[in-house]
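In what follows, a structure is listed as structure tokens, so that the remarks can point back to it.
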């Protein structure tokens, strides 16, 4: 069953890329990405920009906002590889 996310539930977050693998991306509620386990990106996350994630907010990446919002609410982050079609927070 699809979960609705009202616009007023937009989440402040930060967009990152992995220093050694630029196609490995993440959105986190932590401006330093400290909540993402280091095994996700051993060389560290580079912050690209601040953003708001919500169903009425345009994301600067080709993702549907719903799975991102679920990841942010459940884990505080969402990790994916560009070119994939992520549906959850796991790789």
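The values are calculated or read from the model by the stated rules, or taken from the named source; none is laboratory data. As the structure is a prediction and not an experimental result, all values here were calculated from the model. A quick note on method: Cβ atoms are made from the backbone with ideal geometry, for glycine too, and the neighbour counts reach across all protein chains shown.
Here are a few things to note about the model shown:
- Boolean, residue 68 is crowded, with 16+ Cβ neighbours inside 10 Å and either assigned to a helix (DSSP H, G or I) or modelled with pLDDT under 90 (or both): yes
- Search result, residues across the stretch 29-71 that are out of contact with any helix residue (DSSP H, G or I) (no Cβ under 8 Å at 6 or more places or on another chain) and farther than 22 Å from residue 19 by Cβ: 52, 58, 64, 65, 66, 67, 70
- Candidate set: the stretch 36-65, residues that are in a helix (DSSP H, G or I) and touching a strand residue (DSSP E or B) at 6+ places or on another chain (Cβ under 8 Å); chosen: the one surrounded by the most Cβ atoms within 10 Å (Cβ to Cβ): 65
- Scanning the stretch 22-35 for residues that are part of a loop (DSSP other than H, G, I, E, B) and either closer than 17 Å to residue 83 by Cβ or touching a residue at least 60 places away in the same chain (Cβ under 8 Å) (or both) gives 22, 23.
- Any hit, the stretch 4-16, residues being under 12 Å from the mean Cα position of the chain (by Cα), surrounded by fewer than 18 Cβ atoms within 10 Å (Cβ to Cβ), assigned to a strand (DSSP E or B) and at pLDDT 95 or above: no
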